[in-house]
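The values are calculated or read from the model by the stated rules, or taken from the named source; none is laboratory data. As the structure is a prediction and not an experimental result, all values here were calculated from the model. Ideal geometry is used to build each Cβ from the backbone, glycine not excepted, and the neighbour counts take in all protein chains shown.
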Amino acid sequence: MLTHTVPRARKSRWFYVFGSATLFVFMLQVVTGIALSSAYVTGSGQAYDSLRFITANPLGRVIRGIHDFGASAMIVLIGIHTVRVYLMASYKYPRQMNWLTGAGLLLLTVLMAFTGQLLRWDQTGFWTAVVAAEQAGKAPGIGTWLARFVLAGSVPGGATLSRFFSAHVFFIPALMFAFIGAHLYLVLYNGISEPPVSGQPVDPRTYRARYHRLLERDGIPFWPDAAWRDVVVGLAIVVAIVVLAIAIGPPELGKPPDPTLVAASPRPDWYFLWYFALLSLIPKWSERWVILIGPLVFGLFLILLPIVAPRGERHPFRRPWSIIVVVAIVGTIAYYSRIGHMAPWSPRMDAPPLPAAVVGPTTGPVADGARVFYDKGCEFCHTVSGYGGIRGPDLTDAGDRLTRDQMLTRILSGAENMPSYTGNLTPRQTEVLLLFLQSRRRFPPPPSSAAH
Amino acid sequence: MADPFREPPDASDDYTRRGFLTWISVGAGSVAGLLVAIPSVAFLLGLRNIPQVWANVGRADDFTVGETRQVAFADPSPLPWAGVTAQTAAWLRRVDQDRFIAFSINCTHLGCPVRWLPNAQLFMCPCHGGVFYADGRVASGPPPQPLATYPVRIRDGHVEILTSPLPISGR
């Protein structure tokens, strides 16, 4: 079995290492996961402390680091592997089931990433469970029931964590073992796909005979002639993960999972940042549909692909739309990940009051206006001279752009993403706030308006 | 060596016997499977319901009219290992002498904890910037609904909040 013949693959031989690399990292995750589970306490009240205990141990810290960088590596490698298979159209006859089991593994890997970040069970872990329940709650009809199923009850609490632990440690891995077994069996049964050749479309009636002729003419034994590349790449990745785990360590544990600590700013791990960003930027009315239908559409695409297109040309240059799909998906994820990292829609609630150097005068109406600007939360969303949030427009030069009346209208009436301050400001507060905003200028005011 | 996949020589005579054995095997396997699956799945679906009781969150006199303060109450029958997660926080606003409103801290967008900004008289969500007015109405941002509220009453000079399920604002 080990020495079965595989295509020589010549120029593209290094493209064939990503599936086995994913498998290597999966085994790494199994080993470090077992090590972590030997000390992790699955209790909503103790998990956090047990993780602090694990992290305080020098080896425990490294194991956590390996498991974390391993999770990232799994996501990256299974992503590259999927793209490789898609671009080379290896999902076509007779390997449709290879693709479908692989699609199942992609989904399961994402679920592992999600449940894994939650098991960190710090403040972010706790709120991730709540956010997951609220998203499940958007399902029509069964939403509330589904949300409670996620939480294992009507409120998040003692039962919630055990549920995610069981999913992350038993249920999903059991499915992954089954799918990996099937996937590997199918790889052996159907043989590793040969590199696509332009002008040689897949025809189910002749494919197998042609494939076997190719192996007889130009095949090599899998072990060790082809497998050595898998092992070398696998070793390089494992070394990289271990070095990163030692040098950088595991993700910092946040504050404890105490729901009464309301000063929390939950953020997903990097692999979900793009989704977090997408949900923030799409129009409000479409949100529910994106949450519900987006994953369904992607799932259907993965399932239907080998069923709809089991034959025909495999070379990516003969399937230019496949390149467009990959560029579009990878580009979208990269773009929104970047935005998700900046999170421009999140108010900066920890922004300090504007320093005197920015405000100008330290007493008088402009200084009072700057205080109102901070007290009323304006600064959490608006930047002035580099301080404050970026949800709303930058007001560094508001005095150059807007008249007093335009400012007043906006402050009183609010907007889609700005509260109305009618009834919230005293006449004196309104007055000094407007004076402060009018003093925000890049250019000195012309003499006529300065007299205002 | 006999070929295990070869049809038996007198397949027609054996047909009823083989059919019966097939039926027995599938049936026995299914019964065994269901015996394990039914209690396991039922146990998994047995969701914990928080008992609804009135939880005391402090003396009414300690709350100033017009003020909004964070209060906390505990799950009335917490699991022993729940630790801090048995707590629930709420924003309690004293509207006037007799009326209190207890807001859920969960933003109606995706459930993140909203913060009360006393100077600005606004609730603000750190996740996607949802903002609510002091009375819970949506002021701006993505939230689809006003902040959820808990039933609240005054008994013997104490403010009591009815412990309630996590508000799910999906629809």
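From the residues in the range B:140-153 that are out of contact with any Cys (no Cβ under 9 Å at 6 or more places or on another chain) and at pLDDT 95 or above, which one is nearest to A:T422 (Cα to Cα)? Going through the qualifying residues, I end up with B:P146. Among residues of the range A:30-70 being charged (D, E, K, R) and within 14 Å of chain B (Cβ to nearest Cβ), the one that is surrounded by the most Cβ atoms within 10 Å (Cβ to Cβ) is A:D49. Of everything in the range A:198-244 that is of a type in the set (D, E, K, R) and in a loop (DSSP other than H, G, I, E, B), the residue that is surrounded by the fewest Cβ atoms within 10 Å (Cβ to Cβ) is A:R205.
Can you name every residue in the range A:293-317 that is buried (at least 16 other Cβ atoms within 10 Å of the Cβ) and part of a helix (DSSP H, G or I)? Passing the criteria: A:L302, A:L305, A:P306, A:P316.
Can you find a residue in the range A:246-258 that is within 14 Å of chain B (Cβ to nearest Cβ) and acidic (D, E)? Yes, some residue in the range A:246-258 is within 14 Å of chain B (Cβ to nearest Cβ) and acidic (D, E). Apart from one condition, A:R84 fits all of (1) among the basic types (K, R); (2) buried (at least 19 other Cβ atoms within 10 Å of the Cβ); (3) closer than 30 Å to A:P316 by Cα; the exception is (2). Quick check: is even one residue across the range A:274-287 closer than 30 Å to A:S50 by Cβ and in contact (Cβ under 8 Å) with a residue 24 or more places away in the chain? Yes; the residues of the range A:274-287 include at least one that is closer than 30 Å to A:S50 by Cβ and in contact (Cβ under 8 Å) with a residue 24 or more places away in the chain. Summed over the range B:119-160, the residues that are of a type outside the set (S, T, Y), outside any loop (DSSP other than H, G, I, E, B) and within 13 Å of chain A (Cβ to nearest Cβ) give a count of 7.
Tally the residues that are within 9 Å of chain A (Cβ to nearest Cβ) and over 24 Å from B:P51 (Cα atoms), restricting the search to the range B:64-117. Residues in the range B:64-117 being within 9 Å of chain A (Cβ to nearest Cβ) and over 24 Å from B:P51 (Cα atoms): 6 in total. In the set (1) touching a residue at least 12 places away in the same chain (Cβ under 8 Å); (2) over 23 Å from the mean Cα position of the chain (by Cα); (3) part of a helix (DSSP H, G or I), A:H67 fails one condition alone, (2). If you go through the range A:402-435 one residue at a time, how many are in a helix (DSSP H, G or I), within 41 Å of the chain's Cα centre (by Cα), surrounded by 14 or more Cβ atoms within 10 Å (Cβ to Cβ) and free of Cβ contacts under 8 Å to residues at least 40 places away in the same chain? Count: 5.
Residues in the range A:132-149 that are hydrophobic (A, V, I, L, M, F, W, C) and buried (at least 24 other Cβ atoms within 10 Å of the Cβ) were compared, and the one that is nearest to the other protein chains (Cβ to nearest Cβ) is A:A147.
Can you list residue pairs whose Cβ atoms sit under 8 Å apart, with the first residue in the range A:337-358 being away from every other protein chain (no Cβ under 14 Å) and more than 12 Å from B:C127 (Cα to Cα) and the second being among the β-branched types (V, I, T) and crowded, with 17+ Cβ neighbours inside 10 Å? Count only pairs 6 or more apart in sequence or on different chains. Close Cβ pairs satisfying both conditions: A:L354/A:V384; A:V358/A:V384. Give the number of residues within the range A:170-179 that are over 21 Å from the mean Cα position of the chain (by Cα) and among the aliphatic types (A, V, I, L, M). Final tally of qualifying residues: 3.
Go over the candidates A:F179, A:F164 one by one and state the one that is closer than 30 Å to A:L292 by Cα, touching a Ser or Thr at 6+ places or on another chain (Cβ under 6 Å), crowded, with 17+ Cβ neighbours inside 10 Å and within 14 Å of another protein chain (Cβ to nearest Cβ).
Exactly one of A:F179, A:F164 is closer than 30 Å to A:L292 by Cα, touching a Ser or Thr at 6+ places or on another chain (Cβ under 6 Å), crowded, with 17+ Cβ neighbours inside 10 Å and within 14 Å of another protein chain (Cβ to nearest Cβ), namely A:F164.
Would you be able to say whether some residue in the range A:439-446 is free of Cβ contacts under 8 Å to residues at least 40 places away in the same chain and either surrounded by 19 or more Cβ atoms within 10 Å (Cβ to Cβ) or not in a helix (DSSP H, G or I) (or both)? Scanning the range A:439-446 turns up at least one residue that is free of Cβ contacts under 8 Å to residues at least 40 places away in the same chain and either surrounded by 19 or more Cβ atoms within 10 Å (Cβ to Cβ) or not in a helix (DSSP H, G or I) (or both).
For first residues located in the range A:30-50 and free of Cβ contacts under 8 Å to residues at least 12 places away in the same chain, partners that are among the small types (G, A, S) and surrounded by fewer than 19 Cβ atoms within 10 Å (Cβ to Cβ) and lie 6+ apart or on another chain with Cβ distances below 7 Å form the pairs A:V41/A:S50; A:S50/A:A39. The helices (runs of 4 or more DSSP H) found wholly in the range A:346-391 include none carrying at least 1 residues that are among the β-branched types (V, I, T), in contact with an Asp or Glu (Cβ under 7 Å, 6 or more places away or on another chain) and under 16 Å from B:S140 (Cα atoms). Take the conditions (1) surrounded by 11 or more Cβ atoms within 10 Å (Cβ to Cβ); (2) under 23 Å from the mean Cα position of the chain (by Cα); B:F43 misses just one of them, which is (1).
Find the residue count for the range B:89-118, including only residues that are outside any loop (DSSP other than H, G, I, E, B) and touching a residue at least 60 places away in the same chain (Cβ under 8 Å).
4
Of all the residues in the range A:153-171, those that are touching a Leu at 6+ places or on another chain (Cβ under 6 Å) and without any contact (Cβ under 8 Å) to a residue 24 or more places away in the chain number 2. Selection of first residues in the range A:1-22 that are over 19 Å from A:V197 (Cα atoms) and of second residues that are basic (K, R) and assigned to a helix (DSSP H, G or I), restricted to Cβ pairs under 9 Å at least 6 apart or on distinct chains, gives the following pairs, ordered by first then second residue: A:V17/A:R229; A:F18/A:R84; A:G19/A:R84; A:S20/A:R229. Return yes or no: is A:W289 loosely packed, with under 15 Cβ neighbours inside 10 Å, under 30 Å from A:T160 (Cβ atoms) and within 14 Å of chain B (Cβ to nearest Cβ)? Judged against the criteria, A:W289 is a match. Regarding the range A:301-314, can at least one residue be identified that is hydrophobic (A, V, I, L, M, F, W, C) and more than 27 Å from A:A89 (Cβ to Cβ)? No, there is no match, as no residue in the range A:301-314 is hydrophobic (A, V, I, L, M, F, W, C) and more than 27 Å from A:A89 (Cβ to Cβ).
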